[in-house]
Amino acid sequence: MTTDCYEIMGFGFDNLKPAMREIGKVEDHEVLVNLQAWSLNYRDLMMIKGHYNPKLKMPLIPLSDGCGVVVETGSNVTNFKAGDKICPNFMLDYQSGPLNKKWVGQALGGAIDGVLAKTLKFPENGLVKIPDHLTFIEGATLPCAALTAWSSLFHYARIKPGDTILTYGSGGVSLFAISFAKMAGAKIIVVSAKEEKYQELKALGATECLNYKTNAKWDDHVLELTNGNGVDQVIELGGANTLEKSVKVCKLNGTISLIGVLAGIGNFNPISILMKAIKLQGIFVGNKLMFEEMNEAITLHKIKPVIDSKNFKYETVIDAYKYFDQGIHFGKVVINL
């Protein structure tokens, strides 16, 4: 059995090439899936540019986030049947508990082949059913961005009603963090230069929106908004170049969830983290148990992912990468058949 796919043959957008792969027969504990939609993450952009892993093994099928329909199951599969809408977990065998090296070595679209193919087989324990009210396109946004936001808020910081979080920008992780924090009864401060999107951000649940380009002292404003105490949690997507301000606006004993490096790696003096007893927590997505818990909450609250207004077909995936690279999107950039 073969499948159409894309492979990274070298660094640079033009080195993402259509290909065919042999996938073999479905084994006893495997599930065959027809993929219907995919979504891009910043990690995917770094991967194809060579910034994530300069020693990336090629050819590599990219992307960690896809959603599809089950078409065949192995003889020992009990949790899935033909017709089920599913997503693969970011790290296929990472079921629960603390992260270890084995599971890091199973990260889709980086350590191993990803999901940018029309048909793939997965181990049964590496799949999760998506909420019934979501489309394939919406489901494709869940494995990385949504689960990263969920694990940051509820497994590492334990956000609760009345807390205040701060997040940067209007990308996938940030928008999911806003939706989830609103669900939890938290206040949300968003730092973003896209003033034309403030109304939409507030409709999602943002309490305040601050422009870092027109207000260099936005961090002082955050302290004013929190009566000098600071926020309970920062969803840190900028990296070292924003970390100093993140520490400044984080309260004593607060949490900074370090997720991205959108603003660069820079330099940072960690003494302020010590003086405020801040927990600096690196976030590398999450496990299957977290994914299933998140989906229960998404189902209960009928949460809908924010999808960018411009979506792309499977045949124009390179255009999707180039559009994503411009940074003008709002919400998740998706690809569908």
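Laboratory data are not the source of any read-out in this text; all were calculated from the coordinates shown. Bear in mind the structure is a predicted one, so any value in this text is a computation, not a measurement. Glycine also receives a Cβ, built like all others from the backbone with ideal geometry; neighbour counts cover every protein chain displayed.
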Rounded to the nearest Å, what's the spacing between the alpha carbon centres of segment 274-313 and segment 204-222? Just the number, please.
22
Round to the nearest 10 and give me the degree value, 0 to 90, for the angle of helix 240-249's Cα axis relative to the longest principal axis of the chain.
50
In nm, to one decimal, how far is the LEU252 label point from the LYS160 one, both placed 7 Å along Cα→Cβ?
1.8
Just to confirm the number: angle between the C-alpha axis of helix 317-326 and the first principal axis of the chain, 0 to 90 degrees, nearest 10?
10
Can you sort GLU293, GLU195, GLU236 so the residue with the fewest Cβ neighbours within 10 Å comes first?
GLU195, GLU293, GLU236
Report the local net charge at ASN15: Lys and Arg +1, Asp and Glu -1, summed over other residues whose C-beta lies under 11 Å from its C-beta.
0
What net charge do the residues around ALA181 carry, taking every other residue with its C-beta under 14 Å from that of ALA181, with Lys and Arg at +1 and Asp and Glu at -1?
+2
To test your reading of the geometry: what angle, between 0 and 90 degrees and rounded to tens, separates the Cα axis of helix 288-301 from the longest principal axis of the chain?
70
By a straight-distance test (C-alpha under 13 Å), which aspartates and glutamates pair with LYS17 as possible cross-link partners, with residues fewer than eight away in the same chain excluded?
ASP4, GLU7, GLU315, ASP319
What's the local net charge at LYS121, with K and R +1, D and E -1, over the other residues with C-beta under 14 Å away?
-4
Any lysines whose Cα falls less than 21 Å from that of LYS101, other than same-chain ones fewer than 8 residues away, would be LYS55, LYS57, LYS288
So what is log10(I(q)/I(0)) for the chain at q = 0.07 1/Å, when the Debye sum runs over its Cα atoms only?
-0.28
Ranked highest first by average number of other Cβ atoms within 10 Å, how do 27-34, 186-193 line up?
186-193, 27-34
Where labels lie 7 Å past Cα in the beta-carbon direction, separation of ASN269 and SER96 in nm
4.5
In whole percent, what relative contact order does segment 146-282 give with Cα contacts below 8 Å and a gap of six or more residues?
20
Checked segment 146-282 with the C-alpha gyration tensor, a ≥ b ≥ c its square-rooted eigenvalues, rounded below a/c of 1.5, otherwise prolate if a/b is larger than b/c and oblate if not; verdict rounded
